[in-house]
Amino acid sequence: MLFSLTNPEIAILMMGIFLFAVLLGFPIAFTLMAMGVGFGYYAYFDPTRMEHLLDNRIFQLFVQNTYTVMDNTVLTAVPLFLFMGYLVERAGIVSRLFFAIRLASHRLPASMAVAALITCALFSTATGIIGAVVTLMGLLAWPAMIKAGYDKKFASGVICSGGCLGILIPPSIMLIVYSVIAQLSPLRLFAAAIFPGLLLAGLYIGYAITLAYFNPSIAPKPPKEDIPPRSVILKEVVISFLPLFSLIMLVLGTILGGLATPAEAAAVGAFGSLVLSYFYKTLKWKNFKESVFLTAKTTAMIMWLFIGSWTFASVFSYLGGHEVFEHFFKSMNLQPWQFLVITQLIIFLLGWPLEWTEILIIFVPIFLPLVAFFEVNPYFFAMLIALNLQTSFLTPPMAMSAYYLKGVQSKNVELMEIFTGIMPFLGIVIFAMVLMYLFPGIALWLLDTLFANYKLK
């Protein structure tokens, strides 16, 4: 049966089996490697040149992909940014940051929600690890909000949505990975992502303030007796907010200013996190050891995903799978906006069973050749995907941010309450995508200003 199919049909079968295996719960990285090697053995089978059973080009390709991942200088930034985030997490900086912003914003409606969202944005920028941000804020901010009388659904939506901002706001690990896949400049991706990230965070904060203004019962104001003098508030902001903010700005500034590569800037950030930990007197051997271990664990996962995905994608392309999709889209005679809507809808649906790493490494390369065909700016397309991937963490029933929060507050909130609280923020993400499409300058103005090379046609 297998040998009666054409190579493109086998490629589609390969993709279908992979998706089915993932839905069954098989490990994604090793499933990709198994599928790539298994179907690759068939694709590269050539009895005229094979001296023995294992003399197949797929094994050479697998080794080559492994070496390519290890030798990629851009990916060096991944473990350094991860270490920076994990160390900041364990240094207790986030708790002090949340407390300081909470005091500074006490006059605003939903002040604790605003503080949580700002803290999430800053912490997401420092780490880029969605699970870590949602988990930590679920332990830190969620109980404080509930104790203050906040609605459970509203508080859950704030934590889950705010914790996902790290995908978009630079220096984002996702953007680094995307730059490797799409062969785009990570510096330009960072420049393009700044305003979309600020836009989304601003919309979240605006929604929280507006909702609390018209419905104060959902987010009560703190009692006046709980607010310390201005001098105390100013001291807490200076001590807790400015050091971390300065570190993030230093990392971003050196990248966007062309003073350092992402890997070099990540090294500065990692060293800066050590300095901050020492400054806050939390630089302990236990915290350092745990940060190194978690960095190695997460980095290994990402690198194995790269190796498996590149092997899978190489075989898929060799069998003609990419040509099937290209022919399909080109034959539909679509307008650029129709192409963008269809691709973003596909990525939105893929976000249910898959994580952002698999979507980027496996499926985005299918669309990249079509970006030039439909005359879409590649950086604009990247920003649409970056915004869209927010939904993969917020869309029930596979909203991973909801499960992260449920995992740390299992006895205090129901999963359906979290899902209900997430839905307005999911709508805000979609609204932000529409805004960015209508006003491309949100993504491209800073890019054109700094580099003056890329314009949306």
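All of the numbers you see were taken from the coordinates with simple rules; none came from a lab. Keep in mind the model is a prediction, meaning the values are calculated, not measured. For neighbour counting, all protein chains shown are included, and Cβ atoms are generated from backbone atoms with ideal geometry for every residue, glycine included.
Local charge for residue 40 was computed over the other residues whose Cβ lies under 14 Å away, with Lys and Arg +1 and Asp and Glu -1, and equals -1. Axis angle, to the nearest 10 degrees, between helix 7-23 and the longest C-alpha principal axis of the chain: 30 degrees.
Placing a label point 7 Å from the Cα of residue 147 along the Cα-to-Cβ direction, the residues of the range 83-104 with a backbone N closer than 16 Å are 95-103.
Relative to the longest principal axis of the Cα atoms of the chain, helix 415-438 runs at roughly 70 degrees. Shown is the FRET efficiency for residue 139 and residue 230, computed with R0 = 22 Å from the Cβ-Cβ distance and rounded to the nearest 0.05: 0.15. Packing, as the average of other Cβ atoms within 10 Å across residues, places the peptides 437-443, 119-125 in the order 119-125, 437-443, highest first.
The order of the peptides 198-206, 253-261 by mean Cβ neighbours within 10 Å, most packed first, is 198-206, 253-261. Could you compute the FRET efficiency for residue 76 and residue 375, with r as their C-beta to C-beta distance and R0 at 25 Å, rounded to 0.05? Plugging the Cβ-Cβ distance into 1/(1 + (r/R0)^6) gives 0.15.
Given 0.36 nm per residue, what is the gain on full extension from residue 280 to residue 403 after removing their alpha carbon distance, in nm?
Separation in residues times 0.36 nm, less the Cα-Cα distance, equals 41.1 nm.
For q = 0.08, 0.11, 0.13 Å⁻¹, what log10 I(q)/I(0) does the range 74-299 give under the Debye formula with an equal point scatterer on each alpha carbon and no solvent? The Debye formula, applied to the Cα set alone, gives -0.28, -0.54, -0.74.
Taking a ≥ b ≥ c as the square roots of the eigenvalues of the Cα gyration tensor, the range 292-356 is classed as oblate, since a/c reaches at least 1.5 and a/b does not exceed b/c. Sorting the segments 143-153, 54-64, 303-313, 396-406 by their residues' average number of neighbouring beta-carbon atoms within 10 angstrom, most packed first, yields 303-313, 396-406, 143-153, 54-64. Relative to the longest principal axis of the Cα atoms of the chain, helix 28-43 runs at roughly 10 degrees.
Give me the distance between the Cα centres of the range 224-254 and the range 190-217, rounded to whole Å. Taking the Cα centre of each part, the range 224-254 and the range 190-217 sit 20 Å apart. Taking Lys and Arg as +1 and Asp and Glu as -1, the other residues whose beta-carbon sits under 15 Å from that of residue 281 total +4. Projected over all directions and averaged, the alpha-carbon convex hull of the chain occupies 24.3 nm².
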